[in-house]
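Engineer: Input: one structure, supplied below.
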2 protein chains.
Amino acid sequence: MLKDLVLHNRSYRRFDQSTRIAPETLRELCDLARLSSSGRNAQPLKYMIVSSQEECAKVYPTLGWAGYLKEWNGPEEGERPAAYIVILGDTAIASNYGIDAGLSIQSMTLGAVEKGLGGCIIQTVRREELAKILDISSQFEILYVVALGKPVEEVVVETLKPDGDIKYWRDEQHVHHVPKRELKDLIIAEK
Amino acid sequence: MLKDLVLHNRSYRRFDQSTRIAPETLRELCDLARLSSSGRNAQPLKYMIVSSQEECAKVYPTLGWAGYLKEWNGPEEGERPAAYIVILGDTAIASNYGIDAGLSIQSMTLGAVEKGLGGCIIQTVRREELAKILDISSQFEILYVVALGKPVEEVVVETLKPDGDIKYWRDEQHVHHVPKRELKDLIIAEK
């Protein structure tokens, strides 16, 4: 059932770093993105796959982690992502990527969950630095980085509390809690 | 397999209009969207469900269809969508919706495919007119309309021809062809 995949497709930020991901697996995730819808079928997204330990170690410091967890600077060595897919906009094809990145990334991360992996979509990226590290030419705009690995943290979806606070939080057992609005509060009308 | 769902999750534009969709089914699709990731977990998207024949008939004329098919003005009566989900941005929560709409719509349309339905993400919308018709307050920004129904057209994904033309096209048997770039042309490097 797709719902199981969607439910388990959480933002995971701690991984078993020793479980590496084969480039072929990452290519399969890019293929799911490739086969997803694209506005006007322009297909302006490109991908860079990073899976070697050496390159992953260079990418990691350019990323920002979990803005709401002020006392946590990101996963420690041993719990860092085992791979990254850098989502790029090809400026030779388009200047506006509409919702293509969202459509493609959702396919990718659902695919990762199906493979027993998990991901985190990272928007806080030191883009200039990352472009330099990965030798990404100025033709490509870095849109997002999807961090991937075998999750070692539990993420629980729960109902928003009456105070309406949407900030995710981590309890003493390091379980990550994600408050979600209820369906009745999202559907404004049915006609 | 998720890949089967992704492969069959094409932009369908002709439906069996007589196969109606229960509101409960549309709520389930919204629930898949609800459970999808949201930037900073802000969850700024809201949904309006339209499934009655009367309301669907009012929504239809506000939508633009298949920009590349110049001689086709959209599905004829009998082949029009059986339901719509209007994707809204709640301006009381956010002013920028990031990739949330893409993530949520991909979950929704994959869910539709799993249920034997199909959808089309429509960006060409006469928004002011639609807001008036559906009585959507100015608190909500109309982002996209997802048209849904039981598809009656065949959509074929094929490889981009050497001329690089990405425009979808329809053959004499009304089969809809979608040229997709090859994976090797999307992955700019592996490290």
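Engineer: How many times 2.2 N^0.38 Å is the alpha carbon radius of gyration of segment A:1-69? Intermediate results must be reported in sequence, preceding the final value.
Structural biologist: Numbers: Rg = 15.1 Å, N = 69, 2.2 N^0.38 = 11.0 Å.
Normalised Cα radius of gyration, segment A:1-69: 1.37.
Engineer: Output the DSSP H helices from chain A with an along-axis C-alpha extent of no less than 20 Å and a mean Kyte-Doolittle hydropathy no less than 0.0.
Structural biologist: Working: long enough: A:100-114 (21 Å, 0.55).
Helices meeting the criterion: A:100-114.
Engineer: So for segment A:15-129, Kirkwood radius off the Cα pairs, Stokes-Einstein at 20 °C and 1.002 mPa s: how many µm² s⁻¹? Walk me through the numbers before you get to the answer.
Structural biologist: On the way: Rh = 15.1 Å.
Answer, rounded: 142 µm²/s.
Engineer: Next question. If I compute solvent accessible area with a 1.4 Å probe over the protein chains, what percent of it on segment A:79-133 is carbon and sulfur? Spell out each step's value before the answer.
Structural biologist: Details: 860 of 1930 Å².
The computed percentage sits at 45.
Engineer: Give me the distance between the Cα centres of segment A:57-98 and segment B:18-55, rounded to whole Å.
Structural biologist: A separation of 29 Å, based on Cα centres.
Engineer: Can you quote the Å³ per residue value for the convex hull of the Cα atoms in segment A:44-87, rounded to an integer?
Structural biologist: Each residue corresponds to 81 Å³ of Cα convex hull volume.
Engineer: Send over the Kirkwood Rh of segment B:148-191, from the inverse of the averaged 1/r over different Cα pairs, rounded to one decimal Å.
Structural biologist: Values: mean 1/r = 0.0812 Å⁻¹.
This gives a value of 12.3 Å.
Engineer: Project the alpha carbons of the protein assembly as shown onto their principal axes and report the range along each, largest first, in whole Å.
Structural biologist: Projected onto its principal axes, the Cα set of the protein assembly as shown covers 60, 57, 33 Å.
Engineer: Please work out the average accessible area per residue across segment B:1-68, using the 1.4 Å probe convention, and give it in Å². Mind dumping the intermediate values first?
Structural biologist: Details: 2530 Å² over 68 residues.
Per residue, segment B:1-68 has an accessible area of 37 Å².
Engineer: For segment A:117-181, how big is Rg over Rh, using alpha carbon atoms and the Kirkwood form of Rh? Could the numbers behind the result be given before it?
Structural biologist: On the way: Rg = 16.5 Å, Rh = 14.6 Å.
In segment A:117-181, Rg relative to Rh is 1.13.
Engineer: Continuing with the same structure: What distance in nm lies between label points placed 7 Å from Cα along the C-beta direction at A:D163 and B:K132?
Structural biologist: Spacing of the two 7 Å Cα→Cβ label points: 4.5 nm.
Engineer: Which of rounded, prolate, oblate describes segment A:88-138, given a ≥ b ≥ c as roots of the alpha-carbon gyration tensor eigenvalues and a/c under 1.5 marking rounded, otherwise prolate only if a/b is larger than b/c?
Structural biologist: Values: a/c = 2.49, a/b = 1.43, b/c = 1.74.
It comes out oblate by the Cα gyration axes.
Engineer: Follow-up. Between chains A and B, what is the buried accessible area summed over both chains (1.4 Å probe, protein heavy atoms, nearest 100 Å²)?
Structural biologist: Working: alone 11370 and 11400 Å², together 16880 Å².
Answer for the A-B pair: about 5900 Å² buried.
Engineer: For segment A:109-148, what log10 I(q)/I(0) values come out of the Debye formula at q = 0.18, 0.19, 0.35 1/Å, with one point per alpha carbon and no solvent?
Structural biologist: Computed log10 I(q)/I(0) values: -0.58, -0.63, -1.13.
Engineer: Quick check: with the 1.4 Å probe, what order do B:S52, B:S107 take by accessible area, largest first? Could the numbers behind the result be given before it?
Structural biologist: Values: B:S52 40, B:S107 0 Å².
Largest to smallest exposure gives the sequence B:S52, B:S107.
Engineer: Could you order peptides B:7-14, B:145-152, B:157-164 by the average number of other Cβ atoms within 10 Å of their residues, highest first? If you can, show how the numbers build up before the last one.
Structural biologist: Working: B:7-14: 21.9, B:145-152: 24.2, B:157-164: 9.9.
Highest to lowest by the protection proxy: B:145-152, B:7-14, B:157-164.
Engineer: Can you pull the semi-axes for segment B:61-189, root of five times each eigenvalue of the Cα gyration tensor, sorted largest first, whole Å? Don't skip to the end; give the middle numbers.
Structural biologist: Details: eigenvalues 158, 85, 42 Å².
With the √(5λ) rule applied to segment B:61-189, the semi-axes are 28, 21, 15 Å.
Engineer: What are the residues of segment B:168-191 that lose 40 Å² or more of accessible area, with a 1.4 Å probe, going from their chain alone to all protein chains?
Structural biologist: Buried-area filter returns B:K180, B:R181, B:L183, B:L186, B:I187, B:I188, B:E190, B:K191.
The values are calculated or read from the model by the stated rules, or taken from the named source; none is laboratory data. Treat the numbers as computed from the prediction; the structure is a model and nothing was measured. Reconstructed Cβ throughout: ideal geometry from the backbone, glycine too, with neighbour counts over all protein chains shown. Just the protein is used for accessible areas: all its heavy atoms, side chains included, with ligands, DNA and RNA removed. Shrake-Rupley method; radii C 1.70, N 1.55, O 1.52, S 1.80 Å.
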